[in-house]
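Here is the structure we will look at, set down as structure tokens.
The values are calculated or read from the model by the stated rules, or taken from the named source; none is laboratory data. As the structure is a prediction and not an experimental result, all values here were calculated from the model. FYI the Cβ positions are ideal-geometry reconstructions off the backbone, even for glycines, and counts take in every protein chain you see. These accessible areas exclude ligands, DNA and RNA; they are computed on the full protein's heavy atoms, side chains included. Shrake-Rupley method; radii C 1.70, N 1.55, O 1.52, S 1.80 Å.
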Amino acid sequence: MTQIHLSAIDWAIIGLYFVFIIGIGLYLRGFTKTGDDFFLAGRKNSSWVAGLAFLSANLGALEILGWTGGTMKYGMLVSHFYWIGAIPAMLFLGLYMMPFYYSSRIHSVPGYLLLRYDERSRLLNAVSFAVMTLLMSGINLYLMALVFNVLLGWGWGVSMWVSAASIACYITLGGLMSAIFTEIVQFFLIWAGLFLVSILGIVEMGGIHEVFAGLPPAMASLWSTTGSSSQNAMGVTWPAIVMGLGFVLSFGYWTTDFLVVQRAFSSKDLRSARLTPITAAFFKMALPFIVVIAGMVAYKLSVRGEGSFVMPADPTDATKTWYDAALPLLIVRYYPTGLVGLGITALLAGFMAGQAGNVSAFNTVFTYDIYRAVIKKDASDAQLLWVGRVTTIVGILLSVATAYLAMQFNAIMDYIQAIFSWVNAPLFATMLLGMFWKRTTSHGAFYGLLVGMAVSFSIFLGFKLGLFSPATAHLITFADNPSDMTRNLWQAIWAWLVCFGVTVAISLVTTPKTDAELQGLVKGLTPDIDDSQVVWYGKPAFWAAVAFVVLVALNVVFR
Amino acid sequence: MQPSEPSREPLPIWFFVGVILLVYGVLVIAGGTLGPVRPTVLAETKPALWWGAILCVFGAVFTAVGWLGRDR
């Protein structure tokens with residue numbers, strides 16, 4: 001495909017972004033004195049700040065590019081990842097789980113496992129999370145370099161090292177506060193730089209109705225083609241969407257992944273912490289207005305056979321179409337000088353904020369759950385702060401090393417991207433039982449988590465290496481010739497079920513902690529939240545109800 | 001005259017968001033009017049001008065809100 005040529009003013013816009021975020025890091029350096037400042041941004045953020053950061057930590061450019069391209073393949077089904085695949089979990093986190101997390105004054109999600117269970121579960125989760133985060137961070141870097149190499153002709157090392165050095169600089173200086181500031185800037189830049197693509201797409205199509213007009217049913221609806229996996233391009237059925245995506249994967253990610261939950265921990269009080277994911281839910285629901293609309297426009301242009309809109313071949317596999325190029329192609333199509341620079345900056349900011357989120361979560365988990373737990377139990381606050389800063393740099397270097405590894409051995413990408421469902425899907429069962437069933441024991445939690453992760457990994461390997469017969473594959477996924485998406489969803493469902501079952505079974509035959517040890521950590525042993533003094537429009541439950549109504553309405557309208 | 005106390009809290013994030021949106025709004029308008037012409041679809045709608053203006057308005061509002069909310 002033709003590379004995008006940038007003018008001086010486009011370069012100025014891109015360069016200004018780097019100057020700006022490093023400047024923010026330098027400015028915030030003076031406000032980062034203690035471990036709480038560095039790792040939890042001083043616990044003084046409002047729900048607006050924490051909520052936008054909560055969403056932005058998840059909102060990488062890869063997701064935007066990937067799901068815009070995904071819409072060309074799967075149509076409206078992509079919206080499931082923004083609606084049922086996110087909102088119920090975010091609301092559940094805010095309403096029911098956040099009180100246990102926030103009130104226990106922990107620094108990380110593994111920290112809750114220590115208080116609720118024991119050191120083994122904490123360490124298992126901390127190590128797996130740290131490895132997952134670094135590898136994902138490396139993949140993010142590699143894919144960023146790939147996108148900018150193909151689209152702009154930038155050398156591989158340039159985008160990787162420049163962005164890695166910038167992130168290392170501002171996180172080392174300002175810690176989580178820097179990460180949160182830049183994530184919020186990124187959130188606004190994504191809307192400023194990419195929403196216009198959808199608007200101009202709608203204008204070119206002749207109106208929003210024209211964007212959806214004439215689409216095949218499998219492209220235009222959320223639910224009506226999910227009765228059978230053969231009716232939609234994603235190859236999924238509604239039970240897999242509801243159970244696998246809407247329950248296990250979604251709850252596993254949004255309620256236990258420290259990358260996002262850390263932003264809520266930075267809130268100034270419990271009410272703000274509970275409102276954090278609920279606030280984020282509204283903005284999450286709005287994202288298909290960039291991603292899906294742009295994807296639909298790209299689909300229509302490619303079907304029309306527009307001369308200037310030809311989807312290129314995948315740079316890593318020439319036999320496939322490179323759908324990730326859809327959004328950049330639309331930028332080239334619509335954006336004049338200046339706006340191109342802003343569009344590229346929005347993508348860069350998205351990549352870098354995702355990186356920064358990974359690095360800030362990694363440095364916290366390593367410092368509190370590995371360094372202080374295993375290496376130096378009596379570390380002072382100053383030492384933890386120092387370790388956090390060093391870990392940031394080491395984490396960035398390991399991410400770059402992973403990126404180079406992915407560049408050399410492209411096949412490892414599939415394994416690394418699957419790590420998420422090995423780690424988070426079973427962890428959700430461990431957390432759910434821990435918070436809502438006081439009979440859950442430390443032995444049950446540890447072995448349940450271990451077996452759940454092993455089951456998830458085994459199913460992944462079984463499909464990857466072709467070890468399953470068609471009958472076994474059907475038994476696992478309830479589908480003939482299951483698609484990759486169906487396999488992923490059922491892999492997560494089984495991991496969750498096995499972890500849940502093993503944890504319950506072992507808990508029933510082992511000794512639980514006493515009620516005194518579980519105060520504040522489990523439902524029934526934690527005082528109910530009294531927000532009777534809060535006005536109705538300030539209550540998390542009110543806004544969660546509004547978000548839920550909007551979610552239902554969107555699903556009805558686009559059913 | 002007493003030297004003023006150094007601020008204990010950083011400026012609100014909204015100030016930084018406002019500044020960058022404002023500056024980018026100006027640069028986008030400048031790019032659309034002074035920069036080299038790129039042949040784009042819907043060029044006749046002048047997206048750089050009105051989108052840049054929208055960014056400037058949002059940027060100015062956020063900058064003002066952030067500045068007025070400092071140390072609050």
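Some points to look at:
- Total formal charge among the other residues, if their Cβ is under 15 angstrom from that of A:THR182, Lys/Arg +1 and Asp/Glu -1: +1
- Distance in nm between pseudo-label sites at A:VAL162 and A:ARG439 (7 Å out along the Cβ direction from Cα): 6.0
- Nearest-ten-degree value, helix B:47-68 long axis tilted from longest Cα axis of chain B: 0
- Dipole size of segment A:8-557 about its Cα centre, with +1 on Lys/Arg Cβ and -1 on Asp/Glu Cβ: approximately 740 debye, rounded to the nearest 20.
- Point-to-point label distance, B:VAL57-A:VAL556, nm (Cα→Cβ direction, 7 Å offset): 3.3
- Shielded by partner chains, segment A:1-38 residues - at least 50 Å² of accessible area, 1.4 Å probe, vs chain alone: A:ILE9, A:ILE13, A:LEU16, A:PHE20, A:TYR27, A:PHE31
- Applying 1/(1 + (r/R0)^6) with r as the Cβ-Cβ distance of A:LYS73 and A:VAL310 and R0 = 22 angstrom yields a FRET efficiency of 0.85.
- C-alpha center-to-center spacing [segment A:249-266, segment A:365-399] in angstrom: 21
- Between the listed residues A:ALA471, A:LEU327, A:MET431, the Cα displaced farthest toward the positive end of the dipole of segment A:8-557, a dipole computed from Cβ unit charges relative to the Cα centre, is found at A:MET431.
- Available extension along the chain between A:LEU475 and A:TYR96 is 133.0 nm, counting 0.36 nm per residue and deducting the alpha carbon span.
- Neighbourhood charge, 15 Å Cβ-Cβ cut-off, centred on A:THR32 and excluding it, Lys, Arg +1 and Asp, Glu -1: +2
- With DNA, RNA and ligands ignored, accessible area of A:LEU6 (1.4 Å probe; Å², nearest 10): 30
- For A:ASP381, solvent-accessible area (1.4 Å; no DNA, RNA or ligand), Å²: 70
- A simple count of charges around A:GLY75, restricted to other residues whose Cβ falls under 14 Å of its Cβ and scoring Lys, Arg +1 and Asp, Glu -1, yields +3.
- Taking every full run of DSSP H in chain A, the ones that stretch at least 27 Å from end to end by Cα along their long axis and average 0.0 or higher on the Kyte-Doolittle scale are A:8-29, A:119-152, A:156-205, A:339-365, A:381-408, A:412-436, A:442-464, A:484-508.
- Note on A:ALA545/A:GLN408: beta-carbon distance plugged into 1/(1 + (r/R0)^6) with R0 of 56 Å gives a FRET efficiency of 0.65.
- 222 nm mean residue ellipticity, helices alone, for the protein assembly as shown (DSSP H n ≥ 4; -39,500 (n - 2.57); rounded to 500): -22500 deg cm²/dmol
- Each of A:VAL19 and A:SER104 was given a label point 7 Å from its Cα along the Cα-to-Cβ line. The distance between the two points is 4.7 nm.
- Solvent-accessible surface of protein heavy atoms, probed at 1.4 angstrom with all chains present, puts A:HIS80, A:HIS443, A:HIS209 in the order A:HIS209, A:HIS443, A:HIS80, largest first.
- Extreme residue, positive dipole direction of the protein assembly as shown, given options A:LEU40, A:PHE188, A:TYR27 (C-beta unit charges): A:LEU40
- Hits among aspartates and glutamates - C-alpha to C-alpha of A:LYS377 under 14 Å, sequence gap 8 or more where chains match: A:GLU119, A:ASP369
- Buried surface for the A/B pair, taken as the accessible area of each chain alone minus that of the pair with a 1.4 Å probe, is close to 3100 Å² in total.
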